[in-house]
Each structure stands twice: as C-alpha cells, then as structure tokens.
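Report on the structure given below.
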Amino acid sequence: MNKAGKTREDTVALLKQYSAFILLAVMLLLNLIITPNFFKVGTLWNIITQTCTIILTGMGMTVVISTGGIDISVGSVMALAAVISAKSLETVGIVPAIFLGLLAAVIPGLIAGFMIGKMRLQAMVVTLGLMMGVRGAARLVNDAKIFYIDGPHASDYTVLGSARIAGVAPVQMIPILLGIFITWFILEKTILGRHIQAVGDNRKSAMLAGISATKTLMFVYIYSSVFAGLAGIVSAAKIGAADGNTLGNLAELDAIAAVAVGGTSMSGGRAKVFGTVVGALIMQLINITVNMNNIPYEFAQIFKAIIIVFAVYIQRDKAA
C-alpha cells in the first residue's frame, strides 16, 4: 500500500474512532446558530437533568452490550423500582424505600443473567419476556394507577430529582458521575472487567481460559437492572409521581442508541464508557433541538434513527 493510501486509511480509522465526539461538536455548533438562548447556564443544567436517565441506563447497557448481549427490559425495570420505592416510602422512610426499589430491580437482572448465562438462552428473547412481565408487575403494584408521592417523607424523596448542589448544579450530577466512574473502574481496572471483555470477544475461548461466563453474565445483567432501577427512582423523584404504565417507556431504545452511537460494538468486545456518555448527550440534544425550535417531535425520532443506522454502519468492520 502506498503512503497516500495508508494516510487515507488512517484518516478513516480516526474518524470512526472519534465519530461520536465529532457529531456532538457539530450538534453544538448547529444549536449555536439556530437555537435562541441555547448557550445559557439554565439550558446546560436542563440538558444534564434530562440526560441523567439515559446515562444511567446507558452505563448498564454498555456493560451488557460489551458481552455481545442486550437488555430491552430496562424501561420496565425503571417503572417497577420507581413504584415500589414510592409506595413503600411512607411506611419505611427514604433510605429503606430506595433500597427496596433497587432490590426489586435486582430480581429481573438475576433472572436474565441465569437464563442467558446458565441456560444459554438468547438475550433478546429473555429480556423481551422480562420487559412484558416486569411492566405487568409494575402496573399491578398500584392497580395500574399513577402513584403520587406525598406524606411526611415526600420532600425527602422528591429532593432526589429537584435539589441543587450549592444552589447551582442539579443533584442528578451525583448519580451521573458515580455511575460513569464505577462503570469505567470496573471495566478498565478490575479482573472482572477483563472477564467481561473476554466473554464479549469470544465466550468459548473465555471459558477455556477458566473464566466463568455464567457468573460474569449474571453480574452484567444484575448491574444493568440496578442502574435501571436507580434511573427509575430518580425519574419518579423528578416528577413527584410513579406511573407503572408509562415510566421508562422506550428508555431501553435511548440507552441502546447511546451505546451504539458511542462506539461500543453491538457484537461485543471492548466497551467505550465515555463514548456512551457522548451518545447519551447526542440523543438528548436531538430532543432539545426540536423542542426549542418548535419542530415536531417526530423529526427527532427520524434523526435518531438515521444516527443509529450510521453508527452501526461505521462499526461494520469491527463487527465482521
């Protein structure tokens, strides 16, 4: 290969590696031009607040997809955790209520991990069944009615979605930063992270190397469910209500989109945690762009679809 050909190949590889960051920069520049009052502190905090759910579910989804799997039950898990924590608040108090919500989230993750890891069932089929079953359970908890958070502990709960750190930054910054750090640390600095990547690269080879794929996958799906549960609790706290019918609807699609746009291969392998964060920001920026410019929301869905297909397209060499 001549020098010009190699240079061109290196350029293409560089564009693939940083495509999400380039797209984010383009979207920010576009909003600078067309969106009035976009670059204001209030808009920045609004983006962070609204991106919190996508980032939290995206952290769990990043770990799942890096094993070559997928979890489409996260939206339903969000609803279940939110309803259980909100309903138990008045009886047990804020901390136990959050714990109960997260504990409820563990159960579908445990089921998914066992069926996918031990029984070797397809992740799509298992989590599809859980998506429907867990959503039904979330509706049953409060007879398919919206549960409005009130009572003596209501303010303690809703502060999770409305408080400001030092009166400025939204409290959602705390779970966002913790979620990103914990996920990055596990994947990059621990033996478990290497096991997750090995299972995603080649499950049979990982098992021959003495890695327990079953235990690894059980951890992965429980991890995804816990983050989904936390996202559901934060969402309920933000609006002051928990609705088993609609809370978390299509959240799994935004999470998957954030991971795909962020550069983690859908066929498994090395996870890109910070890429997922960028992908989540892109997904939310699309929503904000159409909202602030009075563009019908249907266009946001079209833009997201185009970006997702493009992201998968540029990954094709890695996934081959």
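Each reported figure results from applying straightforward, stated rules to the coordinates on display, with no laboratory input. Treat the numbers as computed from the prediction; the structure is a model and nothing was measured. In this analysis, Cβ positions are derived from the backbone assuming ideal geometry, glycine residues included, and neighbour counts consider all displayed protein chains.
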Positive-end extreme of charge dipole, segment 40-249 - chosen from Tyr221, Gly42, His195 (charges on Cβ): His195
Ordering of 37-45, 199-207, 165-173 by packing [mean C-beta count within 10 Å, highest first]: 199-207, 165-173, 37-45
Inter-probe distance in nm under a simple model that places probes 7 Å from Cα toward Cβ, at Ser212 and Phe181: 2.9 nm
Contour minus Cα-Cα distance for Lys204 and Ile33 (0.36 nm per residue): 56.4 nm
Ranking of Val106, Val309 by count of other Cβ atoms within 10 Å, fewest first: Val309, Val106
Listed residues Gly263, Gly275, Gly93, most fluctuating in the chain (Gaussian network, C-alpha, under 10 Å): Gly93
Paramagnetic reach from His153 (point 7 Å along Cα→Cβ, amide N under 20 Å) across segment 230-264: 230-244
Charge tally in the Cβ shell below 13 Å around Ser224, where Lys, Arg are +1 and Asp, Glu are -1, Ser224 excluded: -2
Debye, to nearest 20: dipole size of segment 40-249, +1 on Lys, Arg Cβ, -1 on Asp, Glu Cβ: 480 debye
Most mobile of Ile116, Ile34, Ile211 in a GNM of the chain (Cα contacts under 10 Å): Ile34
Pairwise FRET efficiency - Val125 versus Ile191, Cβ, R0 = 22 Å, nearest 0.05: 0.15
Ile33, Ile84, Ile47 arranged by Cβ crowding within 10 Å, fewest neighbours leading: Ile33, Ile47, Ile84
Pairwise label distance in nanometres, Phe299 with Phe99, each label 7 Å out on the Cα-Cβ vector: 5.0 nm
Of Ile196, Ile239, Ile176, the one that fluctuates the most in a GNM where the chain has Cα springs shorter than 10 Å: Ile239
Segment Phe274-Leu15, length gained on full extension (0.36 nm per residue, minus Cα span): 91.6 nm
Positive-end extreme of charge dipole, segment 242-320 - chosen from Asn293, Gly248, Gly269 (charges on Cβ): Gly269
Whole-Hz ³J(HN,Hα) from phi, Karplus 6.51 cos²θ - 1.76 cosθ + 1.60, for segment 80-95, glycine and proline x: 4, 4, 5, 5, 5, 5, 5, 6, 8, 4, 5, 7, 10, x, 5, 5
Burial ordering of Asp243, Asp156, fewest other beta-carbon atoms within 10 Å first: Asp156, Asp243
Cα-only radius of gyration and Dmax that characterise segment 13-99, units Å: 18.6, 56
